[in-house]
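Got a structure for you, written out below as structure tokens; questions coming shortly.
The values are calculated or read from the model by the stated rules, or taken from the named source; none is laboratory data. Nothing here was measured: the structure is a model prediction, and the numbers come from that model. Backbone-built Cβ (ideal geometry, glycine too); neighbour counts: all protein chains shown. What goes into the accessible areas is simple: the full protein's heavy atoms, side chains included, and nothing from ligands, DNA or RNA. Shrake-Rupley method; radii C 1.70, N 1.55, O 1.52, S 1.80 Å.
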Amino acid sequence: MAPSEPNALPFRAKGELPHFAEEKEGWKGYIEWEKYPEKKKQVQEIMSQYDFPDPPEFQLTPLPSTNPILTGERWKQYHSALGLDHIPRDSWSTVLAEKAPDMIHVLQFPYNGEAPGERLISTEITANPDHFVRNHGGIPDIDADKWSLDITGLVNTPKKLTLKELQDESLFPRQSNIVTLQCSGTRRIEQIHEYPGDGDELINAPWGEGAISTARWTGVSLKKVIKHCGGLKGGADNLEFFGADTYFKKGNVYNYAVSVPWRKVKVNEVLIAWEMNGKPLPKIHGFPVRVVVFGYIGARSVKWLYEVRAIRQPSTAPVQMKEYLYYTPQIGKQNAQYSNGFSIQDMPVSSAIIAPKDMDQIVHEGKITVKGWAYSGGGHWPVRVEVSGDGGAIWYEVPTENMSTKYFYAWRTWIMELPVDAEGWLELCVRTWDNAMNTQPTYVRSAWNWDLHVTSSAHRIKIYSINKSRPATAKRLKQLEEHDAPLLPITRPIEFDLEPEEEYKATMETKGWRDPLE
């Protein structure tokens with residue numbers, strides 16, 4: 001199904017719609033909220049006047065079989081109520097212009113999308129049009145010549161830097177790294193199917209296995225920028241990043257803001273990047289400048305960066321303080337608080353089977369080709385990948401030569417011929433070991449958490465095995481071919497007798513028929 005155009009305001013506005021001016025010349029789609037508490041208060045008053053629809057229920061009911069899967073009407077309405085309904089429209093135009101035509105649109109607005117799986121893992125470096133996108137608001141359109149970055153807070157010499165200055169190698173040595181970014185919602189659909197959880201007003205998108213991608217990012221280490229500003233003042237242990245997108249939380253409005261600790265910055269693992277795979281950042285990925293944080297949850301890699309602020313404690317902005325929290329399995333709607341979950345930073349070891357797909361029916365001769373990806377964040381990397389054809393009792397190691405290049409901060413794609421003798425429904429699963437001997441929990445339940453983040457359990461799929469190296473199966477396949485009858489799907493009944501009567505009688509005679517003699 002073709003993607004639809006974002007809807008206009010679906011409810012009657014209460015009086016004249018407000019007008020919030022765009023803050024800077026050449027910055028379309030950017031409204032500065034953080035410096036204007038009076039504007040934030042005005043938004044709160046406006047939002048309180050509307051009875052917005054409930055978020056869609058997609059965890060206890062089947063997902064729509066559409067593309068986009070979810071449309072984000074609630075968030076479109078938030079923007080419309082503030083006179084910003086052009087932002088969803090402009091953002092969708094950017095999606096159509098910059099992303100592959102067959103992108104899986106998990107959420108139309110704010111845009112969340114992943115590429116078809118087999119193409120995603122066909123190269124170890126992801127092509128820009130195929131790189132997954134997890135946005136929290138609209139997509140600003142910023143003139144690079146009019147962009148600047150403010151370095152503020154607890155630095156000895158606050159500065160405003162232009163892109164030209166950042167790219168001046170006499171001031172800042174350039175840095176380039178191959179880095180995998182992964183959304184903590186990757187494989188969330190598995191938690192949803194088995195144990196539904198939080199339905200936040202920013203929809204917890206039902207990601208498959210594709211909310212992960214790898215690129216070569218080029219820019220300057222944030223450590224060098226801080227040094228250029230005279231270093232940090234005493235007690236400044238965190239760097240807070242501000243992005244130009246508009247973000248909502250419980251009736252309030254913000255610019256997107258998160259933080260990372262200084263210890264991450266000082267080892268040159270936080271990049272201020274303006275280039276992606278040798279080209280200027282696409283608009284959808286943060287043009288002109290974004291943050292890339294190596295090995296951390298993707299939410300820390302802020303797009304459309306406009307300010308870096310040195311602070312003492314981690315950011316109290318909602319994305320850092322109230323979201324991306326990992327709760328124990330005893331925490332849920334009945335008792336969750338922001339303070340009883342811990343903040344997700346390092347991404348754990350994880351992996352996925354991309355091919356075959358769940359519920360595939362496969363004809364083979366004793367081996368099935370299995371492909372996927374493996375990743376470990378937090379300064380670790382995948383060392384070994386193992387695949388099981390029986391749900392996890394017996395594991396086969398992926399040959400090293402069948403794994404892609406080893407990088408400090410990136411995934412490894414892999415392929416193997418898995419021995420499979422059994423027929424019928426089987427459960428295939430994969431697990432990864434990293435260089436610190438970390439591996440994955442065995443089952444989804446082991447890693448379930450109320451906010452449905454980090455589905456790090458061994459990835460499992462069900463396939464139906466048809467092993468034509470077995471004589472009876474080979475015979476049946478020949479019969480189907482002679483009758484010009486399809487084997488697949490397996491749920492389609494066979495239209496001819498399964499066995500001639502005389503053959504049936506002869507076989508039953510050897511078995512002593514069905515009932516005992518006495």
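Give me the percent relative contact order of the stretch 136-237, please, defined on Cα pairs under 8 angstrom at least 6 residues apart.
Details: 118 pairs, mean separation 36.1, N = 102.
Averaging sequence separation for qualifying contacts and normalising by length gives 35 percent for the stretch 136-237.
If amide hydrogens are placed 1.01 Å from N in the peptide plane, which non-local residues have theirs closer than 5 Å to the one on Tyr396?
So Tyr396 has HN proximity to Val387, Ser388.
Provide the per-residue ³J(HN,Hα) series for the stretch 260-277, in order, calculated from phi with Karplus coefficients 6.51, -1.76, 1.60 and θ = phi - 60°, each as a whole number of Hz, with x at glycine and proline positions.
10, x, 4, 4, 6, 5, 6, 9, 6, 10, 10, 10, 8, 10, 10, 9, 10, 6
Further, regarding this structure: Using modelled backbone amide H atoms (1.01 Å from N, in-plane), which distant-in-sequence or interchain residues come within less than 5 Å of Gly208's amide H?
Sorted by chain and number, the residues that satisfy this are Arg187.
Setting aside same-chain residues fewer than 8 positions from Lys468, which lysines have a Cα under 16 Å from its Cα?
Lys367, Lys478
A follow-up question, please. So what are the ³J(HN,Hα) numbers for the stretch 176-190, from phi and the Karplus equation (6.51, -1.76, 1.60; θ = phi - 60°), rounded to whole Hz, Gly and Pro as x?
My calculation for the stretch 176-190 gives 9, 9, 8, 9, 8, 10, 9, 6, 5, x, 3, 6, 4, 4, 5 Hz in order.
How do the peptides 155-164, 116-125, 218-227 rank, highest first, by the average count of neighbouring beta carbon atoms within 10 Å per residue? Please report the intermediate quantities before stating the final value.
Numbers: 155-164: 14.4, 116-125: 17.0, 218-227: 21.3.
Taking the mean over residues of other Cβ atoms within 10 Å, the ranking is 218-227, 116-125, 155-164.
Can you give the alpha-carbon Rg of the stretch 150-273 over 2.2 N^0.38 Å, where N counts its residues?
Normalised Cα radius of gyration, the stretch 150-273: 1.31.
Could you tell me which of the pairs Lys35/Lys159; Lys28/Lys223; Lys233/Lys264; Lys249/Lys322 are separated by over 19 angstrom between their Cα atoms in the structure shown?
Beyond 19 Å between Cα atoms: Lys28/Lys223.
Counting only heavy atoms of the protein chains, get the accessible area per residue of the stretch 170-217 (1.4 Å probe) and round it to a whole Å² value.
In whole numbers, the stretch 170-217 has 28 Å² accessible per residue.
Taking all pairs of distinct Cα atoms, average 1/r, flip it, and tell me the Kirkwood hydrodynamic radius of the stretch 104-168 in Å to one decimal place.
In the stretch 104-168 this quantity evaluates to 15.2 Å.
Relative contact order of the chain, please, whole-number percent, based on alpha carbon pairs below 8 angstrom and at least 6 residues apart. Display every interim value, and only then the final one.
Numbers: 1132 pairs, mean separation 68.3, N = 518.
Value for the chain: 13 percent.
Lys24: net charge of surrounding residues, Cβ under 10 Å, Lys/Arg +1, Asp/Glu -1, itself excluded?
After counting each charged neighbour, the total is -3.
Using alpha carbon centroids, what distance separates the stretch 51-87 and the stretch 211-253, in Å?
A separation of 29 Å, based on Cα centres.
Near the amide H of Val349, under 5 Å away, which other amide H atoms are found, from residues 5 or more places off or on another chain, if H is placed in the peptide plane?
Sorted by chain and number, the residues that satisfy this are Gly377.
Something else: Just to confirm my numbers, what's the Cα centroid distance between the stretch 336-385 and the stretch 436-497 in Å?
If we compute the Cα centre of each part, the gap is 18 Å.
Once every DSSP H run of n ≥ 4 in the chain is given -39500 (n - 2.57) and the sum is divided by its residues, what mean residue ellipticity at 222 nm do you get, rounded to the nearest 500 deg cm²/dmol?
-4500 deg cm²/dmol
Calculate what fraction, in whole %, of the accessible area of the chain sits on carbon and sulfur atoms when a 1.4 Å probe is rolled over the protein chains.
Roughly 51 percent, rounded to a whole number.
Write down, largest first, the equivalent ellipsoid semi-axes of the stretch 383-470 in whole Å, where each equals the square root of 5 times an eigenvalue of the alpha-carbon gyration tensor.
With the √(5λ) rule applied to the stretch 383-470, the semi-axes are 24, 19, 10 Å.
Each label point is 7 Å from the Cα along the Cα-to-Cβ direction; what then is the distance between the points at Asp168 and Glu482, in nm?
8.4
Find the relative contact order for the stretch 267-333 and round it to a whole percent, using C-alpha pairs within less than 8 Å whose residues are 6+ positions apart.
21
On to the next question. Can you work out the PRE-style zone for Lys227? Point 7 Å along Cα to Cβ, and I want the residues of the stretch 153-172 with backbone N under 11 Å.
Correct set: 172.
Compute the length gained on full extension between Arg89 and Glu423: take 0.36 nm times their separation in residues and subtract their Cα-Cα distance, giving the result in nm to one decimal. Don't skip to the answer; put the middle values down first.
Details: separation 334, 0.36 × 334 = 120.24 nm, distance 5.00 nm.
Length difference between fully extended and current span is 115.2 nm.
Each residue of the stretch 156-170 in order: what ³J(HN,Hα) in whole Hz does its phi give by Karplus 6.51 cos²θ - 1.76 cosθ + 1.60, θ = phi - 60°, with x for Gly and Pro?
Computed from phi, the couplings for the stretch 156-170 are 5, 9, x, 9, 10, 10, 8, 5, 4, 5, 4, 8, 7, 6, 6 Hz.
OK, next. Could you list, bin by bin from short to long, the percent of Cα-Cα pairs of the chain in 10 Å steps?
4, 17, 26, 24, 14, 7, 4, 2, 1, 0
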